[in-house]
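Take a look at the structure below.
The values are calculated or read from the model by the stated rules, or taken from the named source; none is laboratory data. Here the structure is a predicted model, which means the values were calculated and not measured. Cβ: placed from backbone, ideal geometry, glycine included. Neighbour counts: every protein chain shown.
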Amino acid sequence: MTTPLAVVPSTPAATSPQVRPGSRADRMSKPLATDTLRSLAENHGVCVRPLAIRRTDTHTGQTEIVEVPCGATLAAKCKPCAERNRRLRIQQIREGWHLETEPTPAPEPAGDGVLELVRLRAHLEFERDDAERNARWDQIPDLDTGIAEVEEAIAKTGLRGHLTPEARESKERKIRSTKRRADVAELPRLPVENRTIGRAYAGRSGKTHRPSMLLTLTLGSYGPVHSSRRRGVYLVPCECGQRHGERDELLGTPIDPTTYDYRRAALDAIHFARVLDRWWQNLRRAAGWKVQYAGAVELQKRLTPHAHFAIRGTLPRRLVKQVAAATYHQVWWPAFDKPRYSLDKPPVWDAGQGAYIDPRTKQPLTTWTAAVDQLGEDAEPAYVARLGTIDPREVKGVEGGTREAERCIRYVTKYVTKDLGDQVRPRGQAAQAHFDRLHAELAVLPCSPSCANWLLYGVQPDGAKPNLVPGRCTGKVHQRHTLGFTGRRVLISREWSGKTLVDHRADNRDWVRAILAGNLDGHHEDQADTPDPSRYRFELARPGDPDLPPVQHRILRAISTRLQWRSALARARDRAPAVSATQDHTTAALAA
Ligand SMILES: [Zn+2]
Ligand SMILES: [Zn+2]
Ligand SMILES: [Zn+2]
């Protein structure tokens, strides 16, 4: 329940000689205090919307405010936290990519930090319940915000699964036949060895090589788009006959928007996460060992999601192509190829029948359960999402510890702090039209069994209730910032480095402590992992609490702490030249 600093576009502090000192124009030209504080915090890697938690020592009765960084992964919410998260990802990918020995898959016990948050979540639940019982309705929205924030923080710790059931879980009722499709070639199927390390090759000079791979997985074509490609210094003409420069606004837009298959583009984006899951299952079976990967999903210029992956070890290119061609995900929903109703005359809710009815005939629509039950044994899936073919230029071998490996890691993590939609802000008319057209398609397709859009296809959504408006489903799939893809942005397999993000964070702290030993008492850090957590009680501090300074004061204090810490670190490093580490250790730790 902290107030994030407002994001105000900064006004350039123009110093024009015509401006009279002290005038309004002069005052307006001065930088805004909130902007300055925000950018200072950002420069020093200090969270701009810290969560304040009151910790009460049950032995002494003393209370103290403990700050928890917000832990946002998107720069739009908090740049320092998002950047810190990205650096940890870079470190994680680097450590796992060219491993030479099997990592021990770490069992993932909830660390003290997680338990603190879960306890805090419990207190909030209690308070909310208490407020509800005593009809203190005004407190509920505040508590809900608090709960959402704590849950976000919990999610960031790597705790798997959910603490509480989600609002409405959409269950797939029946698992359909797992028989492979007849239109897809058989894949080799080997017993999967318990191995995650790739093969090593003896080099000529007796050196052992352990090459790994970088691979891009893309969806199929929905129609030709304007593109540019270089062959050496030669710019290859686009299919439209023109040559497009790198910054041409037409790039990625369809050459013929009227024949571009927007429906399939939208459906593939919605189901891309499942297709990726199938790909890894198929690849492991066909390769015969537990292939490990770390990668991220991004949007291409044509607004289709694709994914870059670092893969440990190498696989034959032929096999990679073969698996891609045989990878698909079948959607076992009732058919939705043709809308039966329009957005302006949709089925209406009938309270008497407790159902959505046809506005003309007054007959109730098929219920979700009935529609799914009607799908017989020989039914066809409502949709089949497939992977596109793999461009041979998008598969390459990379040696560990090389400059190329580092370049690839940066490439994979380049956009992870941005929303998918933010990454490709449309520039120019054609790009805007393309974006809008795809979004319009996403707005009327069903996102899940409970989606209001089912009404357009003559089916009552799962768990139908009054006030469902097709085209107005609030599911993330339909939003402009996702453009259909709502899966995880960063995908890292379980046995990549044998460490979770939390472990990587802890490594950084240990390293800094090793340098600082004796220089700082570690006061700020040690409090985070006290040996006896049961001694303390935690609750979220409220903006009105007398002992809670305003967020601005807390940020100022955090900046000062950071500066002191940084100079102590520099002094300690000067004294102890034996300790070395990469730049990333230092920066990641300072941002921790
Ligand atoms: Zn933050
Ligand atoms: Zn073109
Ligand atoms: Zn929906």
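Of all strands (runs of 3 or more DSSP E) completely enclosed by region 211-277, which ones contain at least 1 residues that are within 30 Å of ALA382 (Cβ to Cβ) and within 27 Å of the chain's Cα centre (by Cα)?
Numbers: elements: 212-217, 229-231, 234-236.
The strands (runs of 3 or more DSSP E) meeting that bar are 212-217.
Against the condition of a type in the set (Asp, Glu), under 26 Å from ALA443 (Cβ atoms) and surrounded by fewer than 13 Cβ atoms within 10 Å (Cβ to Cβ), how does ASP350 come out, does it pass? I'd like the intermediate steps shown before the answer.
Numbers: of a type in the set (Asp, Glu): yes; under 26 Å from ALA443 (Cβ atoms): yes; surrounded by fewer than 13 Cβ atoms within 10 Å (Cβ to Cβ): no.
Answer is no for this residue.
Being under 26 Å from THR402 (Cβ atoms), modelled with pLDDT under 95 and not in a strand (DSSP E or B): is that true of GLY198 here? Outline the logic, then answer.
Details: under 26 Å from THR402 (Cβ atoms): yes; modelled with pLDDT under 95: yes; not in a strand (DSSP E or B): yes.
Taking the combined requirement at face value, the residue satisfies it.
Yes/no per residue for (1) within 16 Å of ligand 1 (Cβ to nearest atom); (2) within 25 Å of LYS290 (Cα to Cα); (3) out of contact with any Lys or Arg (no Cβ under 7 Å at 6 or more places or on another chain):
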{"site": "ALA185", "(1), (2), (3)": "no, yes, yes"}
{"site": "THR196", "(1), (2), (3)": "no, yes, no"}
{"site": "SER205", "(1), (2), (3)": "no, no, yes"}
{"site": "THR216", "(1), (2), (3)": "no, yes, yes"}
{"site": "ARG229", "(1), (2), (3)": "no, no, yes"}
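Does ALA182 satisfy the criteria of being modelled with pLDDT of 75 or more and surrounded by 10 or more Cβ atoms within 10 Å (Cβ to Cβ)?
no
When the residues of region 447-473 are narrowed to those that are part of a loop (DSSP other than H, G, I, E, B) and among the small types (Gly, Ala, Ser), which ends up nearest to ligand 1 (Cβ to nearest atom)?
If we filter region 447-473 for residues that are part of a loop (DSSP other than H, G, I, E, B), which is where we start, we get 447-451, 458, 460-473.
Remaining after also requiring among the small types (Gly, Ala, Ser): 448, 450, 458, 463-464, 471.
Numbers: SER448: 31, SER450: 33, GLY458: 46, GLY463: 36, ALA464: 40, GLY471: 35 Å.
Filtering first and then ranking leaves SER448.
Taking region 546-578, which residues are more than 23 Å from LEU37 (Cβ to Cβ) and assigned to a helix (DSSP H, G or I)?
Matches in region 546-578: ALA568, LEU569, ALA570, ARG571, ALA572, ARG573, ASP574, ARG575.
GLY223: in contact (Cβ under 8 Å) with a residue 12 or more places away in the chain and away from ligand 3 (no atom under 16 Å from the Cβ), yes or no? Full working, then the answer.
On the way: in contact (Cβ under 8 Å) with a residue 12 or more places away in the chain: yes; away from ligand 3 (no atom under 16 Å from the Cβ): yes.
Yes.
Are any of the residues in region 414-436 over 30 Å from ASP256 (Cβ atoms) and surrounded by fewer than 12 Cβ atoms within 10 Å (Cβ to Cβ)?
no
Here is a list: LEU491, LEU483. Which entry is in a loop (DSSP other than H, G, I, E, B) and either of a type in the set (Gly, Ala, Ser) or away from ligand 3 (no atom under 13 Å from the Cβ) (or both)? Outline the logic, then answer.
Numbers: LEU491 fails: in a loop (DSSP other than H, G, I, E, B).
Sole residue among the options that is in a loop (DSSP other than H, G, I, E, B) and either of a type in the set (Gly, Ala, Ser) or away from ligand 3 (no atom under 13 Å from the Cβ) (or both): LEU483.
Has region 243-253 got at least one residue that is within 16 Å of ligand 3 (Cβ to nearest atom), more than 24 Å from TRP97 (Cβ to Cβ) and in contact with a helix residue (DSSP H, G or I) (Cβ under 6 Å, 6 or more places away or on another chain)?
Restricting attention to region 243-253, the residues satisfying the condition of being within 16 Å of ligand 3 (Cβ to nearest atom) are none.
Taking every residue of region 243-253 in turn, none turns out to be within 16 Å of ligand 3 (Cβ to nearest atom), more than 24 Å from TRP97 (Cβ to Cβ) and in contact with a helix residue (DSSP H, G or I) (Cβ under 6 Å, 6 or more places away or on another chain).
Which of the residues spanning region 329-359 are assigned to a loop (DSSP other than H, G, I, E, B) and either among the β-branched types (Val, Ile, Thr) or in contact with a Lys or Arg (Cβ under 8 Å, 6 or more places away or on another chain) (or both)?
The first filter runs over region 329-359 and keeps only residues assigned to a loop (DSSP other than H, G, I, E, B), leaving 332-341, 343-344, 346-347, 351-354, 358-359.
Listed by number, the residues that qualify are TRP332, PRO359.
(1) assigned to a loop (DSSP other than H, G, I, E, B); (2) farther than 29 Å from TYR328 by Cβ; (3) of a type outside the set (A, V, I, L, M): which one isn't true of GLU404, the others all being true?
It fails just one condition, (1).
Can GLU249 be described as out of contact with any Cys (no Cβ under 6 Å at 6 or more places or on another chain), within 13 Å of ligand 2 (Cβ to nearest atom) and free of Cβ contacts under 8 Å to residues at least 60 places away in the same chain?
no
Of all residues in region 41-71 being farther than 18 Å from LEU117 by Cβ and of a type in the set (Gly, Ala, Ser), which is surrounded by the most Cβ atoms within 10 Å (Cβ to Cβ)?
That would be ALA41.
Tally up the residues in region 289-327 that are hydroxyl-bearing (Ser, Thr, Tyr) and under 28 Å from LEU251 (Cβ atoms), please. Steps first, answer last, please.
In the first step, residues of region 289-327 are kept if they are hydroxyl-bearing (Ser, Thr, Tyr); the result is 293, 304, 314, 327.
With the extra rule that they be under 28 Å from LEU251 (Cβ atoms), the set shrinks to 304, 327.
The total comes to 2.
Given THR101, THR36, which one is free of Cβ contacts under 8 Å to residues at least 12 places away in the same chain and not charged (D, E, K, R)?
Details: THR101 fails: free of Cβ contacts under 8 Å to residues at least 12 places away in the same chain.
Residue meeting the stated conditions: THR36.
So, of the residues in region 253-278 that are under 11 Å from ARG386 (Cβ atoms) and basic (Lys, Arg), which turns out to be farthest from ligand 1 (Cβ to nearest atom)?
ARG264
On the given criteria, is PHE272 in contact with a Leu (Cβ under 6 Å, 6 or more places away or on another chain), buried (at least 16 other Cβ atoms within 10 Å of the Cβ) and not charged (D, E, K, R)? Even if it seems obvious, please write down each step before you answer.
On the way: in contact with a Leu (Cβ under 6 Å, 6 or more places away or on another chain): no; buried (at least 16 other Cβ atoms within 10 Å of the Cβ): yes; not charged (D, E, K, R): yes.
Spelling it out, it is not the case that PHE272 is in contact with a Leu (Cβ under 6 Å, 6 or more places away or on another chain), buried (at least 16 other Cβ atoms within 10 Å of the Cβ) and not charged (D, E, K, R).
Hey, any hits in region 71-86 for a residue that's free of Cβ contacts under 8 Å to residues at least 24 places away in the same chain and not small (Gly, Ala, Ser)?
Looking for residues that are free of Cβ contacts under 8 Å to residues at least 24 places away in the same chain and not small (Gly, Ala, Ser), one finds none in region 71-86, hence no.
Exactly one of these conditions fails for ALA370: (1) over 30 Å from GLY223 (Cα atoms); (2) part of a loop (DSSP other than H, G, I, E, B). Give me its number.
(2)
Among the numbered criteria (1) crowded, with 19+ Cβ neighbours inside 10 Å; (2) within 24 Å of ASP183 (Cα to Cα); (3) in contact with a strand residue (DSSP E or B) (Cβ under 6 Å, 6 or more places away or on another chain), which one does ILE390 miss?
All conditions pass for ILE390, except number (3).
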